[in-house]
Amino acid sequence: MVFDDNLVHTDPGRLELACDMLGQELSDSAAQLPSRKVQVEARQGSNAAGWQVVPHNATSSVAIGRRLSLVTVLFKCLLVGWLSLAASAQPLIPARVSSVTDGDTVKLIIGKEFVRVRLDSIDAPEKRQTGGRESRQALRELLPNGSPVQLLSKGQDRYHRTLGQLYLPDGSNVNVLQVKNGQAWVFRRYCKDNAYWLPLELEAQKHHRGLWAQPGAVAPWDFRHPQKTR
């Protein structure tokens with residue numbers, strides 16, 4: 001498993017899922033261990049003696065289960081420790097929502113300053129594009145004016161907007177929700193973790209959510225540059 005800065009401050013469910021998947025992989029590996037032959041000694045009252053095939057997991061399932069549990073616990077402890085160190089380098093910034101510009105851009109109030117934030121890793125339909133108004137409204141419902149959020153800054157884009165991920169008080173990642181709800185694409189060109197983000201988009205497509213409710217949805221980058229292949 002590869003760790004990068006996209007894991008920092010990510011949804012707890014994602015981290016828990018990673019741990020569970022590791023435990024399941026270890027369990028499956030143990031279950032696939034080959035059977036072995038053991039010699040059966042003649043017992044009192046019987047003259048029979050010979051070889052018997054005994055599945056490995058039948059003879060040591062308890063021991064293997066304990067070892068797997070220990071490995072999973074140790075992995076979780078190491079993961080929490082790593083996240084704590086990473087979090088100290090990238091602290092979340094408390095803020096309040098001033099306004100929502102479109103489906104991937106908001107204006108925040110941080111201290112006494114207004115900060116324009118472009119949601120990292122996603123790209124929502126333009127306001128004049130099909131689905132643009134719906135995407136903006138969906139983000140407004142997630143981020144009502146005056147509501148508290150936390151910002152994980154990812155630097156600035158070429159328009160001097162702050163790039164970042166926003167988190168609700170319950171820990172939900174707003175960027176992720178826009179993609180999962182079918183209100184934005186994964187911005188493939190600038191996303192650093194397509195392996196995580198693209199399945200979220202495919203899930204939204206599969207269930208015909210948001211902009212995927214109708215066929216023929218046009219990606220925002222194609223809408224902005226119809227003659228340019230990106």
Work out the length of the dipole vector of the range 93-214 about its Cα centre, built from +1 on the beta-carbon of each Lys and Arg and -1 on the beta-carbon of each Asp and Glu, and round it to the nearest 20 debye. 320
Asn145: net charge of surrounding residues, Cβ under 11 Å, Lys/Arg +1, Asp/Glu -1, itself excluded? +3
Report the gain in length on full extension from Gln90 to His225: 0.36 nm times residue separation, minus Cα-Cα distance, nm rounded to one decimal. 45.2 nm
Treat each spin label as a single point 7 Å out from the Cα along the C-beta direction, and report the Arg128 to Asn194 distance in nm. 2.9
Kindly give the semi-axes, whole Å and largest first, of the ellipsoid equivalent to the range 80-230, taking each as the square root of 5 times a Cα gyration tensor eigenvalue. 25, 18, 15
When the charge dipole of the range 93-214 is computed with +1 on Lys and Arg Cβ and -1 on Asp and Glu Cβ about the Cα centre, the Cα farthest towards its positive end, among Ala195, Leu211, Ile110, belongs to Ile110
R0 of 41 Å, Cβ-Cβ distance His208-Lys112: FRET efficiency to nearest 0.05: 0.40
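Readers should treat all values here as calculations from the given coordinates under stated rules, not as data from a laboratory. Keep in mind it's a predicted model, so treat the numbers as computed, not measured. Ideal geometry is used to build each Cβ from the backbone, glycine not excepted, and the neighbour counts take in all protein chains shown.
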